[in-house]
Structures are given as structure tokens and as C-alpha cells.
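> One structure is given below, represented as C-alpha cells, and several questions about it will come after.
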Amino acid sequence: MVGFYGDGGCLVSAPAELPGMFCRGGVVQQQRKRTLVAASAVAAAAAAAECVRASKRQRQQRLQSQQQSLDALPDECLFEVLRRLPGGRERGASACVSRRWLGLLCSIRASELNQAAAAVAPAPSLPDLNEEFVMEEEDENKDESPVVDPCVERVLEGKEATDVRLAAMAVVAGSCRGLEKLAVRGSHPTRGVTDQGLLAVARGSPNLCSLALWDVPHVTDAGLAEIAAGCPSLGRLDITRCPLITDKGLAAVAQGCPNLLSLTVESCSGVSNDGLRAIGRCCSKLQALNIKNCVHIGDQGISSLVCSATASLTKIRLQGLNITDASLAVIGYYGKAVTDLTLVRLPAVVERGFWVMANAAGLQNLRCMSVTSCPGVTNLALASIAKFCPGLKQLSLRKCGHMTDAGLKAFTESARLLESLHLEECNGVTLVGILAFLVNCSQKFRSLSLVKCMGIKDICSMPAQLPLCKSLQFLTIKDCPGFTDASLAVVGMVCPYLEQVDLSGLREVTDSGLLPLINSSEGGLVKVDLSGCKNITDAAVSSLVKGHGKSLKQVSLEGCSKITDASLFAISENCTELAELDLSKCMVSDHGVATLVSAKHLKLRVLSLSGCSKVTQKVVPFLGNMGQSLEGLNIQFCNMIGNHNIASLEKQLWWCDILA
């Protein structure tokens, strides 16, 4: 049996008690029944009334809370509230409230923020005389503080590149002058940067002057158009692997950003000749042009742009394009301001294109030229370039197999201002051609680099009179397997004033070839790279540091497996200016390293012991006592040094960058 109490409780009677309840008189039982029924009805009514009152109170509280929250305001009102926030810190904090607030903050243009700030600016008040002296001191301190660069530069990479992060960045930076340089490299796989992110940047950063978009597949012409409309000061644009950007986007940039100075377009299949024509028509101040791997760009686009920007265009780089001799002819005639020219993988350009480009006589200001994998570079083309480009100072030729010693000699006779020559995988050039080049080179020639040139081999008979090139200071002979001791000895006699020598990868060179070069050097070697020269021994290194220890600043012995502690003893005794030393994969031990790092007159900045199998944990205390001049220490693959030793070393050398 269940009974109800006035306070809402209930009474449940056990079955065993039921007979006792009905054993009394009928009148008493009837009265009790009526009393219980009446009580239960009253309790039920009271409970229902209480529920109604509680629900009314809850509704009133909800209504009051909604009326007190800013979220109840429509977007138009909230927009007006947010644009009147006094400073960047307040706007940044508001952007963290919700995505709705962030979106509204991003929709506020910088000009609207300035107007709001001016409208609510308080009237100037009378100065407080009690604080006048304090304010003067603060002003003096401000004058003494260093000037902070006003440029705001941000980079988003990989998974960090999202619309939300870009919008928040634009809101915070917009409190000052906004972003001035922005680079987006990659994109989040599911929430990557889209046109909405660029819209936020365009509205919050009207002073944006540099924008780079790399591997951003979701950005379209609409986003680029917003940048063009909101950022008229844009001077540098770099779009790389953005498949949804087409000629329409470039046309919008051309119309909105007439002061564009630098344009880079790489691997954008939607960009064609029309986009470059638009840039040429509107951007007459363009100084740098870089077009790579765009299959739909041809002669018409390149020619139109070069003709339009003939007075300002100074740097041109064309790579992997379907252009012909016509484009090079236009560059040769209209490129009157061009100083740097780079041509890479242009299979349709033949010898005639280079010849016409040079004979057009427009490249009078050309200073640096680099050509890679262009079959049109022949002896005739090279001679024409030297003849009609009198100001050429640096020439780099890679994978130009049609050039021989004759072309190199003809080039040298006309290029009287040449200072640097780099030849890589030019297998038609031999050591005879290099010696002839050194005979005829100008007195301003400083640097010669030969990389992977298979034609550089020992010659059977040396010329009766060897040339003497006193001006050459930087020599690189790298990964030329035919270059041996005899050739190196000749180079040492020809170039007595070398300062930097890079012989990395010359496995056939031994002490017999290196010692004549060391002994004939009169100027004092500063940088020597012998990486991969497996036949060099301690004798050559000892001779090197004894003869040039006072001038040597950088030595690399990586992979020289015959170098032992004897070289370290010689270095510690004779080198006073050495700053960088690479001993990776050498046979040095704890004793040699301890002696080296304990030399008080030696102030190493970078030391590499990577892969030194004989270096153990015993050397850790000596490394830990190195001075604060040490900036980098490489002990990777030193398996005898444990993790606890590395941790101890990191505590001792807390200022140093340790690779372990």
C-alpha cells in the first residue's frame, strides 16, 4: 500500500501489515481511506504548482541571460561593437571567443578600424603636474631604446596553414600596420588555406608588400583578386603549385597592384600567355621575372612581358618552358636593363637563339649568366655572348655538352671583365682548355669551379711554359674522377695565390699531389675542403697547418679515413685562427680530441666528430670545458658516447647547438 505525505513523500506498507489494517471497525477504516486520498490529492496539486513555478523561473533566467549576452546581437550590431575595440590586444582576445567573432573581426577593414578609433578618441585632458617628471623620464628612455623594425613577417607551414590560423594572425597584426610579408608553404590536408583566409589578410593588411603561396591547392582566382583589391602596395608575388589560379587571378593582380616588382610563377597549369600579357600591360615597374615549368606559357607571353618592361626588368629566369629562339631574340633586343639571366632546360632553343640574343646587342648591362641543360650552347654561341655582352662578370654552365676547349678559349679572349667561371658536367672541356683559359683570362678573374667534368684528366705532355694566374683566389675541383696528383701539381704551380681550395670527392689525389699545391701557395690558404679524399694522410695535413696555420679558418677532412691523432696534434700547435673543423668519419681518438679542444689559443666555433668510431665517453669532460666561442658540436653516430653523457654535455654547453 502506498500513502502520500503533504511534503511529497510516500509510505509503502509491507504485505504482512495489510490484514491488521482492515481488522478494525468499518467506519474507522473508511475515514482513514478518505484522509489518505485527500492528502494525496493536495500533495499532487502542490507538486504540480511548484513545477509550473520552477519552469517559469527557468524561462525568465534564460531570457535574462540571452538579453545580457552579446551573442544575442545580430551580426550587424556585433560588427559595430567589435570595430570599436580600442587596441590590438583587445581584438586578439575577442578573436578567441568564437569562430563567429573571429569571422566578424576578419571582415573589418583596417581603414574602418582607424575611423572607429578616431571617432572614439578621448579629448585631451589637462596634464597631471605630479606625473610630469615621470613622463619626461619615460620619454627619455624611449629615445634611448633601439628602433624596432616595423615590418611584420609571418610564415605558415604544413598543417599549421589553415584559414582559422591565418585569420587570427591577420586580426592580431592588423592592430599595428598589418602583415607586410606573408608566406604560406603547404596546407592542412582537410582544413587548408582557402580564399577566406586570403580575404582576412586582404582586409586586415592593406600594407602587404610580399606574398608567397606554395602548394596551396584550394586558393582560387577569387582569393588572389581579394589580395589585389585590398593590398595595392603588393610588390612581390610568388605562386608555386597552385592549380586553381589562372590568368584571371594574374589579371586581377595586374590591375590592382601596378607597382608589382617581382613575379614568380611555378608549376601553375592554369596560367598561360594571357596572364603574362596582363602583367606586362599594367606592371611597367616589374624588375624580376621567374617562370618555371608552366606548360601553357610560350613565346607570346614571354615576349609581350619583356617588351613592356624593357626599362625596368633586371632579372629573368626561365625554366622548363616551351619557348623557342624567338623569346631569346626578344630578350636580346629589349633586355636593356637585364643584369641577371638564367636559362634552364629549354630544349626547343638551338644555337641560333643564343647567337641572335647576343648579336641583338641589347644585353650591354648583363653581369651574371647561368645556363643549364640547353643544347643550343655551342662554341659559336659562347663566343657571341662574350663579344656582345662586354660587362659579363659571372658565367655558369651546367650540362652543356656541345661546348669544347675551342669555345672556352674564344670566350676568354673577349670576356675581359670575367671574374667567375663555373663548369658542371661539361664533359667536352679538358685540362688543356682550362690551362689555355688561365693564360688568356683577365686580371680580374677570381674564381674557377669544375664539378663532375669527366674530360678533366691528366695530360700526357705538359706545355713548355705554364701560365701564371696571380689573380685566381678561389678554386673548386670537385668529383672529377680523372683529376689526379699530376693535374693537381700543375694547378698548384699555375695558381700561387689561392685562398680557398675545394678538392672534395677527388679520391685519386694523394699527398704527392697536394703537397706541391700547399708549398707553392704564397698568399696563405684560408679555407681548405678535402672531404672524401681517402688517400690524404697526416703528412699532408701537418704540412698544411705548419705552412698556413696563421691564416686557416676552415678545414674539412670528412671521410679522410687515414687521418689520425697526429693531424690533431699539428692543428692544436699551429692553428691560431681556425674557426670550423670537420673530422667526420676520421680515425681520431679521445687523446687527439682532448688535446685539440684543450688548446687555449684555439677558439673553435664549429666542431664535427660525426661517425668517429674511436671517440668514446672519456672525451666528454674535455668537450664540456670548451669556451663559449663554440656554437655547434656534432657528435652523431658516436656510438661510444651514451645518452647520459650527452645530457650532461648539453647542461655544460647550454649555449651550444649539439647534434647527437
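The values are calculated or read from the model by the stated rules, or taken from the named source; none is laboratory data. Predicted model only: the values in this text are computed from it and were never measured. Here the Cβ positions follow ideal geometry from the backbone for every residue, glycine too, while neighbour counts run over all protein chains shown. Note: accessible area is taken over every heavy atom of the protein model, side chains too, but ligands, DNA and RNA are not part of it. Shrake-Rupley method; radii C 1.70, N 1.55, O 1.52, S 1.80 Å.
> Scan G298, G270, G256, G275 and give me the residue that is closer than 19 Å to S210 by Cβ and in contact with a helix residue (DSSP H, G or I) (Cβ under 9 Å, 6 or more places away or on another chain).
G256
> If you don't mind, there's one more thing I want to ask. Show the residue pairs that are 6+ apart or on different chains and have beta-carbon atoms under 9 Å apart, the first residue being within segment 303-332 and assigned to a strand (DSSP E or B), the second being of a type in the set (D, E, K, R).
K315/D340; I316/D340; R317/K292; R317/D340; L318/K292; Q319/E266; Q319/K292; Q319/R345
> Can I ask one more? If you go through segment 359-381, how many residues are closer than 25 Å to V451 by Cβ and outside any strand (DSSP E or B)?
Count: 11.
> Another question about this same structure. State all residues of segment 427-443 that are hydroxyl-bearing (S, T, Y) and surrounded by fewer than 17 Cβ atoms within 10 Å (Cβ to Cβ); if no residue qualifies, say none.
Hit for segment 427-443 is S442, nothing else.
> Checking the structure you have, find out if any residue of segment 537-547 is assigned to a loop (DSSP other than H, G, I, E, B), open to solvent by less than 10 Å² (accessible area, probe 1.4 Å) and without any contact (Cβ under 8 Å) to a residue 60 or more places away in the chain. Steps first, answer last, please.
Keep residues of segment 537-547 that are assigned to a loop (DSSP other than H, G, I, E, B), which gives 537.
Then keep just the ones that are open to solvent by less than 10 Å² (accessible area, probe 1.4 Å); that gives none.
The answer is no, given that none of the residues of segment 537-547 is assigned to a loop (DSSP other than H, G, I, E, B), open to solvent by less than 10 Å² (accessible area, probe 1.4 Å) and without any contact (Cβ under 8 Å) to a residue 60 or more places away in the chain.
> Any idea how many residues of segment 274-309 are open to solvent by less than 40 Å² (accessible area, probe 1.4 Å) and either hydroxyl-bearing (S, T, Y) or more than 25 Å from L366 (Cβ to Cβ) (or both)?
Selection size over segment 274-309: 4.
> Looking at (1) farther than 24 Å from I459 by Cβ; (2) in a loop (DSSP other than H, G, I, E, B); (3) out of contact with any strand residue (DSSP E or B) (no Cβ under 7 Å at 6 or more places or on another chain), find the lone condition where G401 falls short.
Checking G401 against (1) farther than 24 Å from I459 by Cβ; (2) in a loop (DSSP other than H, G, I, E, B); (3) out of contact with any strand residue (DSSP E or B) (no Cβ under 7 Å at 6 or more places or on another chain), the one that fails is (1).
> Could you grab me the full set of residues in segment 444-486 that are within 22 Å of A415 (Cβ to Cβ), modelled with pLDDT of 90 or more and open to solvent by 60 Å² or more (accessible area, probe 1.4 Å)?
The answer is K444, R446, F474.
> Ok, one more. Out of segment 490-534, which residues are farther than 24 Å from G559 by Cα and not in a helix (DSSP H, G or I)?
C495, P496, Y497, S521, E522, G523, G524
> Out of curiosity, is N365 surrounded by fewer than 17 Cβ atoms within 10 Å (Cβ to Cβ) and over 23 Å from S284 (Cβ atoms)?
So N365 fails the test.
> Tally the residues that are in contact with a Cys (Cβ under 9 Å, 6 or more places away or on another chain) and at pLDDT 95 or above, restricting the search to segment 516-531.
Residues meeting the conditions: 2.
> I would also like to ask the following. If I filter segment 382-396 for residues that are of a type outside the set (D, E, K, R), in a helix (DSSP H, G or I) and under 25 Å from Q500 (Cβ atoms), do I get at least one hit?
no
> For L382, indicate whether it is crowded, with 18+ Cβ neighbours inside 10 Å, within 29 Å of the chain's Cα centre (by Cα) and among the aliphatic types (A, V, I, L, M).
no
> Grab the helices (runs of 4 or more DSSP H) fully contained in segment 579-660, keeping just those with 2 or more residues being open to solvent by 50 Å² or more (accessible area, probe 1.4 Å).
The qualifying helices (runs of 4 or more DSSP H) are 620-624, 643-652.
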